[in-house]
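Novice: The structure that follows is given in the form of structure tokens.
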Amino acid sequence: GRLTFFPGNQTVDLPFINFMKRYGTVFLNAYTNSPICCPSRAAMWSGLFTHLTESWNNFKGLDPDYVTWMDLMEKHGYHTQKLGKLDYASGHHSVSNRVEAWTRDVNFLLRQEERPMVNLTGDRKQVRVMEADWRNTDKAVNWIKEEAVNLTQPFVLYLGLNLPHPYPSPYAGENFGSSTFLTSPYWLEQVTYKAVKIPKWPSLSEMHAVDYYSSYTKNCTGEFTKEEVRNIRAFYYAMCAETDAMLGEIISALGDTGLLRTTIVIFTADHGELAMEHRQFYKMSMYEGSSHIPLLVMGPGVKEQQEIPNVVSLVDIYPTMLDIAKIPIPQNLSGYSLIPLLFVKAESEVSQRRPRPSWVLSEFHGCNVNSSVYMLRTGKWKYIAYSDGCSVLPQLFDLTADPDELTNVAVKFPVIVHSLDKILRSIVNYPKVSSSVQEYNKRQFISWKQSLGQNYSNVIANLRWHQDWLKEPKKYENAIDKWL
């Protein structure tokens, strides 16, 4: 998310993101509602917070028959097309994603990822590195040029890209995580290396307890040279540049067909990438690198060169899409239409709208984090509460004074903590939700274990944490028995 806005991006050239900023609106403070693929997408497609969808981990999403905003638009006469990665329904992702989420309360530490690394492929001529994404982009371009251009009804096209997600490690199967930052010299040359900021490297002893667990399970507690860290970040920027080029193909196709002036384009993401900030890579964290997302909108009626400071989140997409299509917005949604913020003049009567709250909520219940986590962002403050609010200390960051979130000021500002915690509890009874997730995890694990019989330990030994598990399987089996 931080690539797309102030203080200006000097690290990598993103011409089509910049095009959208010039001819449209950028949201400076957009957040995911859960910093991991499936729960985040479940929130976007449903317009509901994670504790309402009960999309607790990367396997558990929406029911297949859930009515999404696209379903409603189709019902109201829109021609719809979905291409690429969807990942909002239950049943996807590896066994690892489930088992690691279910057992996060077990008293053991096991690495769940390969160490993050970089890999340069191809040569200066290789533009198409993420081939699957390019194939889906080509399908979208063809659909615009062959189908959309001839339609008499309005259309909505969704294109889901995998980039800039790290790639699966080359020597591992699906259970070993995606820890390789991969690009070609063509894209790496778009990155200004000297502009790549090296994040502060916290010592393990000063890390928040939950951060330590995350860093350990993500295999980031070892030593990394500055060059390694800079490379991981530079390769990530290069992968963002390749993503930007795919966005460019869509914008160009709309331009070539004359549809650009009548089409609203929205660019966003399910979560961010820590890229070695806070001694972690990947997502699953409430720190800005992971929870802050890009959100840009351009099209007829959308204000140009506008930067919106209001906090917004992915649940706002659902009511926004319905608002665009003039479809009545259900009252039960967690999100609010972005149209009043976006349009030069919002057509609907403003008095009919619910007032937008001054906060956004994000929550996480999955793997690589040994507690349910809740984030409330409002004004300059970010408040992060864990579990039941008592057993794990909360965090408070002043994002104006401390944009890198290096200083937890929760002890210094008890009155702010109290008032933000009160707001959080008015939105979600988070101790109760945390408790029900714990019960769900145990129930699911028992059922999975019983389905495998005596073989369950062998199956676990082949998941992402196999290296550690195989050293002392008995010790870890005993820890699971004690937990159960």
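Novice: With the structure loaded, tell me whether Tyr213 is among the hydroxyl-bearing types (Ser, Thr, Tyr), at pLDDT 95 or above and closer than 20 Å to Glu405 by Cα or whether it fails that test.
Specialist: yes
Novice: Among the residues of the range 182-190, is any crowded, with 18+ Cβ neighbours inside 10 Å and within 21 Å of Met284 (Cβ to Cβ)?
Specialist: Within the range 182-190, one or more residues are crowded, with 18+ Cβ neighbours inside 10 Å and within 21 Å of Met284 (Cβ to Cβ).
Novice: Take Thr320 and decide whether it is surrounded by fewer than 22 Cβ atoms within 10 Å (Cβ to Cβ) and on the phi < 0 side of the Ramachandran plot.
Specialist: Here the answer is no, as Thr320 does not meet what is asked.
Novice: Could you tell me which of the residues Leu163, Leu159 is assigned to a strand (DSSP E or B) and either hydrophobic (A, V, I, L, M, F, W, C) or open to solvent by less than 50 Å² (accessible area, probe 1.4 Å) (or both)?
Specialist: Leu159
Novice: Right, here's the next one. Does the range 65-74 hold any residues that are part of a loop (DSSP other than H, G, I, E, B) and either touching a Phe, Trp or Tyr at 6+ places or on another chain (Cβ under 8 Å) or of a type in the set (A, V, I, L, M) (or both), and which are they?
Specialist: Across the range 65-74, the qualifying residues are Tyr66, Val67, Thr68.
Novice: While we're here: Suppose we keep only residues that are without any contact (Cβ under 8 Å) to a residue 24 or more places away in the chain and part of a helix (DSSP H, G or I) within the range 467-484. Which one would you say is farthest from Lys60 (Cα to Cα)?
Specialist: Once the filter is applied, the top-ranked residue is Lys474.
Novice: A further question on this structure: So if I check each of Glu113, Glu147, Glu131, which one is surrounded by 15 or more Cβ atoms within 10 Å (Cβ to Cβ) and either within 25 Å of Tyr66 (Cβ to Cβ) or charged (D, E, K, R) (or both)?
Specialist: Residue meeting the stated conditions: Glu113.
Novice: Here is a further query. Can you name the residue in the range 377-405 that is closer than 23 Å to Ala275 by Cα, assigned to a loop (DSSP other than H, G, I, E, B) and modelled with pLDDT of 95 or more and, of all such residues, is most open to solvent (accessible area, probe 1.4 Å)?
Specialist: Thr400
Novice: Pairs needed: first member in the range 309-335, assigned to a helix (DSSP H, G or I); second member anywhere, acidic (Asp, Glu); C-beta distance under 8 Å; at least 6 residues apart or different chains.
Specialist: Here the result reads Leu314/Asp270, each pair linking the range 309-335 to a residue that is acidic (Asp, Glu).
Novice: Does Glu304 count as at pLDDT 95 or above and not aliphatic (A, V, I, L, M)?
Specialist: So Glu304 fits the description; yes.
Novice: If you scan the range 231-278, which residues turn out to be open to solvent by 10 Å² or more (accessible area, probe 1.4 Å) and closer than 19 Å to Leu406 by Cβ?
Specialist: Listed by number, the residues that qualify are Arg233, Glu273, Glu277, His278.
Novice: Quick check on Val67: is it hydrophobic (A, V, I, L, M, F, W, C) and free of Cβ contacts under 8 Å to residues at least 12 places away in the same chain?
Specialist: yes
Novice: Give me the residue from the range 24-64 that is in a strand (DSSP E or B) and either open to solvent by less than 10 Å² (accessible area, probe 1.4 Å) or free of Cβ contacts under 8 Å to residues at least 40 places away in the same chain (or both) and, out of that set, farthest from Asn429 (Cα to Cα).
Specialist: Checked the range 24-64; the qualifying residue farthest from Asn429 (Cα to Cα) is Gly24.
Novice: Can you pull out the residues in the range 462-484 that are open to solvent by 70 Å² or more (accessible area, probe 1.4 Å) and within 21 Å of Gln444 (Cα to Cα)?
Specialist: Within the range 462-484, Asn462, Asn478, Asp481, Lys482, Leu484 meet the criteria.
Novice: Condition first: assigned to a helix (DSSP H, G or I) and surrounded by 15 or more Cβ atoms within 10 Å (Cβ to Cβ). Now tell me which residues in the range 75-102 satisfy that.
Specialist: Val95, Ser96, Asn97, Arg98, Val99, Glu100, Ala101, Trp102
Novice: Go over the candidates Lys442, Lys412, Lys432, Lys422 one by one and state the one that is open to solvent by 50 Å² or more (accessible area, probe 1.4 Å), in contact with a Leu (Cβ under 9 Å, 6 or more places away or on another chain) and assigned to a helix (DSSP H, G or I).
Specialist: Checking each option against the conditions leaves just Lys442.
Novice: If I ask for residues that are of a type in the set (Ser, Thr, Tyr), at pLDDT below 95 and farther than 20 Å from Ala275 by Cβ, which ones from the range 148-190 would you list?
Specialist: Tyr171
Novice: What helices (runs of 4 or more DSSP H) lie completely within the range 172-277 and have 2 or more residues being within 30 Å of Ile324 (Cα to Cα)?
Specialist: 226-256
The values are calculated or read from the model by the stated rules, or taken from the named source; none is laboratory data. All figures in this text were calculated on a predicted structure; none of them were measured in a lab. Positions of Cβ are generated from backbone atoms using ideal geometry, with glycine treated the same way; all protein chains shown enter the neighbour counts. Just the protein is used for accessible areas: all its heavy atoms, side chains included, with ligands, DNA and RNA removed. Shrake-Rupley method; radii C 1.70, N 1.55, O 1.52, S 1.80 Å.
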